[in-house]
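Throughout, read-outs are computed from the coordinates displayed, never taken from laboratory work. Model, not experiment: these values are computed from the prediction. A quick note on method: Cβ atoms are made from the backbone with ideal geometry, for glycine too, and the neighbour counts reach across all protein chains shown.
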Amino acid sequence: MPCVWLNLCEYDTQKLVKIKSVKLGSLKWTLNGVILMFICIMLLWNKGYQEYDLVVSSVTTKVKGVANINIPDIGEVVWDVVDHSGTSQGKNSFFVATNVIVTQNQKQGNCPEVPPYGKLCQKDKDCEKGFSDQYSHGVQTGVCVKFDAMKKTCEVSTWCPIENKKRPRPALLASAENFTVLIKNNIRFPAFNYIRRNILPEMKDTDLKGCIFNRYTNPYCPIFRLGDIVSEAKESFGEMAVEGGVFGIQINWDCDLNSIFHSCLPKYSFRRLDEKESNKTLYPGFNFRFARYSTVNGVEQRTLFKIYGIRFDVMVFGKAGKFSIIQLIIYIGSTLSYYALTTVFLDWLIGTSCYSKEAKQNYSERKFESVQDREECFLCVSFVDEDKLRVVKKSRKKTLQQTKPLSLHQRKNDLASMRTLISVMQSGPSRSLPVQNGQSGGLSTNTDTPLLEKPQSGCQDWCRCGCCPPAANLHEQLCCRLGKGRCITSCPIFSTLILSRSVLETALFYVDPLMELHEGAQLRYGAYAQFIRWRFGDSTPRDAVPVIPSCCMWRIRAEYPSPDGKYSGLRLHQATPSQAEFNAQ
Ligand code: ZN
Ligand code: ZN
C-alpha cells in the first residue's frame, strides 16, 4: 500500500506534440546546430574538458650591481649589493636603496630639538622636563636653547646632532636602475605531481650569463634590469627613486599538461603597487632607518642612515589543466539545457501569430489540454425548445433552470448509431410499448422511504412543462423546456426511444452483445444513456456533465425503479469520459 500512497507505482512522462512542418524542422536543426557550435567553441576556448590545479611556489632573488654615489658632507662612496639591498624584506621580495640621508657621528648628549617636531620657546618655563611624545627625537631637559640665529627650541637628551636634512632630489642612487636581479621561481602542481622552474631546462649557463629580460626578444630570461621593469609599468625610475615605493613583479603560469598541447612557460608582468601620485598622498613612498655603530676614544658613536628605496614583491599565480573525462562529462551535462532554448524560441514563434495564424490555432488546440478542477464544474443543458446545447457553471444560489449559460454550442447528433438502432428496432420482433418489469408503475411501492419515492408532480416555480417533481438540489432543478409548453416525456418518441424495454435491450446489446441482463438498474442506466445520446449527442462541449431534466429522470425511474427506492443522484464529475458508462443518476 505505501507504494500507492507515495506514488511509487507510477511514472509520469511528458506528452509531446509532433508538428510536421519543413520550416519549423529546418529552423529547429539550424538552431540546434548553432547551439552545438557555440558549445564546442566554448569547450575549446575555456578548456572545459580539463581538470585544474593551482600553483604552489617558492621564490628566491639575487640583486647585483655597484653604484658610485656622492653623499653630501661625506663625498664619493661606492655602494655594492650589501649596502644597497639592506636586510631581507621578507618572503618573495627584495629591496633596493635609491636615496639616502646620512647623519654622521651621533653621540649621546643634549642638543636643541629640530622644528617642526620640537615647539619653539622663549624661556625655560616653556619647556617641560621629562616630556616626550611620538614625534620627539628625545626627552626634554626643561631648558630653552638656541636652535639657530632666529629660533630657540627646547633642549632634548638624545643622539646628537639630530638628523636634520631634506631628502636629496634627484635621488642619490638613481643609477640603481642599472642593477639586475635574478629571480628563481620553483613551482609545483600537486594534483599532477608536476615540478618546474622559471630557469627552463633548455637554458644553458652561457645563455643565462649574458641575458636580460626583454618582453619581445628574451621573454623567458630570469634576469631583470630594474630600470626596464619600472619602465614596463610605465613609471619613471628616477621619480620613484626619490621617495621609494613598492613594485610588483607578477609571474603567471598557465600550463597545459596534456601531452599533445604541452606548454608550461612563465609570463612576467609588472606594476606599481603603492600610490603613484606622491604629492596627493600622505606619507608617500617607502623608507626606513638603520645605524652603524663604532667606538671612538671609548665613546660610542653611530652613523644614522635614512634609506629610501623600492621594494619589489614577486607574486606567483598559476593553474595547470589536464584532460579529464569526468570534467568533460560534467561540461556536456551542463550545456544540455541550452537546447531548451530552441523549444522556447520555436514555441514563442508559433505563439506569436507572425509565423502562421492557422498553425498557431492548430498547435495550441493540440498542445494544451484544459482540465477543470472539480470545483469548476460545468454542466450541460439541453432544452427541447432550444436547438443549441448550453454550458452552465454550477451555481450555489440559483436553480439550474435559471442559471445563465456560459456558452451555447451546436448539438452534434450521432445520427449514424441512432439510425442503426432504429433499423434494428424496425426489423426486431418487438415494437411494443414498454414492457414493465416486476415493480412497474412503482409510484407507491416504497412507502417506507417517503423521501426517496417519486415526489408528486406539482407546480415548481422553475418547471415549464408541469411534469417536474420537486428536487432538493439546485443542480437537479431542471425542466425539459425553456418556455412553457408540452413536456418531452409526452411525445411518442420518448416512450419508444427511452422507455421501450426492447429498444433499451437492443441498445445495451449493441454496445455489449454478451451482456447479461438481470437487473432493472441496467435498464435504468441504459435509459439515461439513451436519453443523453439522443438529446446531447456523442460528446458534450468542454467536457461538461450532461444533466437530465427532472421530469424525464423521474419518468425513467418510474419505468425502471430501484427495488429499495434509493437513487444516487447526479454525479458532478465524470468518472469516465465515456458516456456509455454514463453518470448513474
Ligand atoms: Zn418541467
Ligand atoms: Zn418536462
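Sorted from largest to smallest, which semi-axis lengths in Å does the alpha carbon gyration tensor of segment 123-248 give for its equivalent ellipsoid, taking the root of 5 times each eigenvalue?
On the way: eigenvalues 575, 78, 26 Å².
For segment 123-248, the semi-axes come out at 54, 20, 11 Å.
Entry note, the chain: the mean residue ellipticity at 222 nm calculated from DSSP H runs of n ≥ 4, each adding -39500 (n - 2.57), is -7000 deg cm²/dmol after division by the residues and rounding to the nearest 500. Based on the convex hull around the alpha carbon atoms, the chain presents an average projected area of 59.3 nm². Computed from backbone phi with θ = phi - 60° and the Karplus coefficients 6.51, -1.76 and 1.60, the 3J(HN,Hα) list for segment 519-525 is 10, x, 4, 4, 5, 5, 5 Hz; x is used for glycine and proline. Just to confirm the number: angle between the C-alpha axis of helix 22-45 and the first principal axis of the chain, 0 to 90 degrees, nearest 10? Between the helix axis and the principal axis of the chain, the angle is about 20 degrees. Angle of helix 325-335 to the longest C-alpha principal axis of the chain, folded into 0 to 90 degrees and rounded to 10: 60°.
To the nearest 20 Debye, how big is the dipole of the chain about its Cα centre, given +1 on the beta carbon of each Lys and Arg and -1 on that of each Asp and Glu? Could the numbers behind the result be given before it?
Working: 73 positive and 56 negative charges, 249 e Å.
Value, rounded to 20: 1200 debye.
Residue-wise HN-Hα couplings along segment 64-76, as the Karplus relation 6.51 cos²θ - 1.76 cosθ + 1.60 with θ = phi - 60° gives them from phi, are 9, x, 10, 9, 9, 10, 10, 8, x, 6, 10, x, 6 Hz; Gly and Pro carry x.
For a footprinting-style exposure proxy, rank T303, T158, T295, T540 by other Cβ within 10 Å, fewest first.
Details: T303 15, T158 18, T295 8, T540 24.
Final ranking by Cβ density, sparse to dense: T295, T303, T158, T540.
The Cα-based radius of gyration and maximum Cα-Cα distance (Dmax) for segment 107-160 are 9.7, 27 Å.
Residues whose amide H falls under 5 Å from that of V314, counting only those 5 or more places apart or on a different chain, are S93, F94, I249, with hydrogens built in the peptide plane. By other beta-carbon atoms within 10 Å, ranking Y49, Y528 with the fewest at the front produces Y49, Y528. Listed values for segment 254-271 are Karplus-derived 3J(HN,Hα) couplings in whole Hz (6.51 cos²θ - 1.76 cosθ + 1.60, θ = phi - 60°), namely 10, 9, 10, 9, 5, 5, 6, 9, 4, 7, 8, 10, x, 10, 9, 8, 9, 7, and x replaces Gly and Pro. Segment 234-301 and segment 461-516 have Cα centres lying 103 Å from one another.
Ordering V545, V156, V316 from the fewest to the most neighbouring beta carbons within 10 Å gives V545, V316, V156.
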